[in-house]
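Report on the structure given below.
The values are calculated or read from the model by the stated rules, or taken from the named source; none is laboratory data. Everything quoted here is computed from the prediction, not taken from an experiment. When we count neighbours, we look across all protein chains shown, and the Cβ atoms used for this are built from the backbone with ideal geometry, even at glycine.
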Amino acid sequence: MAIRHPKDFFTGVMYAGVGAAALLLPRDYGFGTALRMGPAYFPGVVGGLLVLVGMIAMLRGCSARGDEITPFAWRELLRVLGGVVLFGLLLFAAGLIAAIVALVIVAALASRRFDWRWALPLALGLALFGALLFVQGLGVQMPLAGSWFGR
């Protein structure tokens, strides 16, 4: 059986691998039942579904014709991950608002269609939404303005 659609096939391999890990890692925990779920129930169900979806994608990769795999976008991946790392570093030093703005701007730089006219209002809007939802609404203990701003 030949691989005719590499993108679908290797996507299926990734899904099945993550699903298998979700099934194997919590195997020492109690599974429980649908009415009395144990700690391994949710990862087990989601892992089983991921394995199923992965198998379907692998079968499709062997039956349907598709495009070859394009080169991986490492620079864009590193920009998005850099934004997440920067968020973690800035959260307590600069506060939630500055950390969210930095995350959105740095991650938006990964896009070829980056435009300050959209990125800055989006970053500010998400920062306001995050502050209202997490700090005010849910009571999560995060500083809105960190130690850099005298707090």
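Ile56 passes every criterion in (1) at pLDDT below 90; (2) of a type in the set (Val, Ile, Thr); (3) within 30 Å of Arg27 (Cβ to Cβ) apart from (1). Residue check: is Leu77 closer than 30 Å to Leu25 by Cα and surrounded by 13 or more Cβ atoms within 10 Å (Cβ to Cβ)? Considered against the rule, which asks whether it is closer than 30 Å to Leu25 by Cα and surrounded by 13 or more Cβ atoms within 10 Å (Cβ to Cβ), Leu77 comes out as no.
For segment 105-142, give me each residue that is surrounded by 15 or more Cβ atoms within 10 Å (Cβ to Cβ), β-branched (Val, Ile, Thr) and without any contact (Cβ under 8 Å) to a residue 24 or more places away in the chain. Answer for segment 105-142, where residues must be surrounded by 15 or more Cβ atoms within 10 Å (Cβ to Cβ), β-branched (Val, Ile, Thr) and without any contact (Cβ under 8 Å) to a residue 24 or more places away in the chain: just Ile105.
Scanning segment 24-47 for residues that are assigned to a helix (DSSP H, G or I) and more than 20 Å from the chain's Cα centre (by Cα), which turns out surrounded by the fewest Cβ atoms within 10 Å (Cβ to Cβ)? Going through the qualifying residues, I end up with Leu24.
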